[in-house]
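Undergrad: Below is a structure I'd like to ask you about.
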Amino acid sequence: MTTLTNAHPPLPSIYLALWWKASGFFPEVTREAVLMVASLGLLAVWRLAMRLMGVPLVAFWTVVLTGCIQSGLRRVRWPMRIFLRRLFVVGLVYVLPERDRKPWAAALWFAAAALSKETAICIPLTLAAMDGLEAVRSLPQARKKLLVERRGC
């Protein structure tokens, strides 16, 4: 059996193919598989809001409003962008809070996002550039602190 080549990254196709192989090639199976990815994204939005704000009411309304917005975007090229957005938010859960960073977990989620849409490589590169700029910007202050400590002032 041969298929046409696909220029898109493989993750959405592999994910849906596994679901179709396990459950049959039906529209309902496709919808359920994509709804599972969407629910993963809403869970990630909840975790991100809780990590950044720490207020359950804020997290609740963030999830509700995100769900309302996403339900209105049904006509978007769904497999690639739905996967990209959800995996990107899960990656942000592990990279944004300064105190609880887990760079290895964020790297795995950002790699999965890049496997679902090729433009997702810009996200971790932008975050790395921002960290680099912040490090360069804070460098003179660190030098001042070292000089003050050495002088004993």
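Each reported figure results from applying straightforward, stated rules to the coordinates on display, with no laboratory input. Keep in mind it's a predicted model, so treat the numbers as computed, not measured. Glycine also receives a Cβ, built like all others from the backbone with ideal geometry; neighbour counts cover every protein chain displayed.
Undergrad: Using only the Cα atoms of segment 94-134, build the gyration tensor, take square roots of its eigenvalues as a ≥ b ≥ c, and label the shape rounded, prolate or oblate: rounded if a/c is under 1.5, else prolate if a/b is larger than b/c, else oblate. Intermediate values should be presented prior to the final figure.
TA: Numbers: a/c = 3.27, a/b = 1.35, b/c = 2.41.
Verdict is oblate for segment 94-134.
Undergrad: Same structure again: Which shape class applies to segment 1-64: rounded if a/c is under 1.5, otherwise prolate when a/b exceeds b/c and oblate if not, where a ≥ b ≥ c are the square roots of the Cα gyration tensor eigenvalues? Show your work: numbers first, answer last.
TA: Numbers: a/c = 4.50, a/b = 2.49, b/c = 1.81.
Because a/c hits 1.5 or more and a/b exceeds b/c, segment 1-64 counts as prolate.
Undergrad: Using the Karplus curve 6.51 cos²θ - 1.76 cosθ + 1.60 with θ = phi - 60°, work out ³J(HN,Hα) for each residue of segment 84-90 in order, rounded to whole Hz, and write x for Gly and Pro.
TA: In residue order, the calculated couplings are 4, 4, 5, 5, 5, 5, 5 Hz.
Undergrad: Net charge near P97: determine it from the other residues with C-beta under 12 Å of the C-beta of P97, scoring Lys and Arg +1 and Asp and Glu -1.
TA: Numbers: positive: R47, R51, R99, R101, K102; negative: E98, D100.
Summing Lys/Arg as +1 and Asp/Glu as -1 gives +3.
Undergrad: Then there's this: Based on the mean of other beta carbon atoms within 10 Å per residue, what is the order of 23-29, 60-66, most packed first?
TA: Values: 23-29: 10.9, 60-66: 14.9.
Peptide ranking by packing, descending: 60-66, 23-29.
Undergrad: Moving on. Less than 13 Å Cβ to Cβ from A113, Lys/Arg counted +1 and Asp/Glu -1: what total charge do the surrounding residues give? Can you show the working numbers first?
TA: Details: positive: R81, R85, R86, K117; negative: E118.
Around A113, the surrounding residues sum to +3.
Undergrad: Could you give me the ³J(HN,Hα) list for segment 17-34, computed from phi with Karplus coefficients 6.51, -1.76, 1.60 and θ = phi - 60°, whole Hz, x at Gly and Pro?
TA: Ordered by residue, 3J(HN,Hα) equals 5, 5, 5, 5, 5, 6, 10, x, 8, 10, x, 5, 5, 5, 4, 5, 5, 6 Hz.
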